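Student: I have a structure here, written as structure tokens, and I will follow up with some questions on it.
Read-outs: derived from the displayed coordinates by stated rules, not from any lab. Predicted model, so just to flag it, every value in this text is computed and none were measured. Note: ideal-geometry Cβ built from the backbone for every residue, glycine included; neighbour counts use all protein chains shown.
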Amino acid sequence: MSKYAQKVNRGVRKRRAFPLRPYCKIPISVLETLTMKTRCTWPGNDPLMIAYHDKEWGVPLHDDRKIFEFMVLDAFQAGLSWSTILKRREGFRKAFDNFDYDKIAKYDVKKIEKLLKDEGIIRNRLKVTATVTNAIQFKKVQKEFGTFDKYIWQFVNGKPINNKCKSIKDIKASSKESDAMSKDLKKRGFKFVGTTICYAFMQAAGMVNDHTTDCFRHKGVKKPRL
């Protein structure tokens, strides 16, 4: 064997001296983090915000109970960050009977005072009482239209508005659709339904797709990620 061949052979043996890593399964959630998929920038590095962005935000919503949940959470968000609300989401769920509008519509003064002492939610009297008022009005809309879903989706003609925002700077705070929704909801007696709150609800409920065009959810938002 030539000196060159001997040198190459020794190099191969050295490389083989390092043991191969055994095959192991990595959870999909970890793999997604490792591959660093391009997302909208607003979730930052917050795991809770990322999970919400990837699995819920912008997915078309048609279940009345879930619609009411987002209406409640968006109303409580007024003046606060969405991360603040998400961190208390389970607290809200427990305090407001899993967002059961039938039960909430029957809340009395005693129940409201109890809620105002609950540290698991945002203890704002106006927002708490507005939730009860909105539950009552929610049921009235259901009676008129059959479902609240049928009523609320009429503001976008029954299908999501697919915006093409290149960056977070392009995302609007309101639209003519949210203006119309706000005006009609106020006329029906709903509280905390300004056009900005309505637009935030539209984004959450998938009535408008505001994922930026470079976000991996922009095209796949029609289906929730499981």
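Student: What size of dipole, in debye to the nearest 20, comes out for the range 48-220 about its Cα centre when the only charges are +1 on Lys and Arg C-beta atoms and -1 on Asp and Glu C-beta atoms?
Tutor: I would put it at about 360 debye.
Student: While we're here: Non-local amide H neighbours of residue 161 (under 5 Å, H modeled in plane, Pro and chain starts lacking H): which ones?
Tutor: Under 5 Å from the amide H of residue 161 lie the amide H atoms of 208, 209, each far enough along the sequence or on another chain.
Student: Quick check on packing: order 158-168, 191-201 by the mean number of other C-beta atoms within 10 Å, highest mean leading.
Tutor: Output ranking for 158-168, 191-201: 191-201, 158-168.
Student: Another one. Ranked by Cβ crowding within 10 angstrom, fewest neighbours first, how are 152, 136 ordered?
Tutor: 136, 152
Student: Can you sort 81, 174, 182 so the residue with the fewest Cβ neighbours within 10 Å comes first?
Tutor: 81, 174, 182
Student: Tabulate in residue order the Karplus-calculated ³J(HN,Hα) for the range 182-198, using 6.51 cos²θ - 1.76 cosθ + 1.60 with θ = phi - 60°, rounded to whole Hz; enter x for Gly and Pro.
Tutor: 4, 4, 6, 5, 5, 4, 8, x, 6, 10, 6, 10, x, 4, 5, 5, 5
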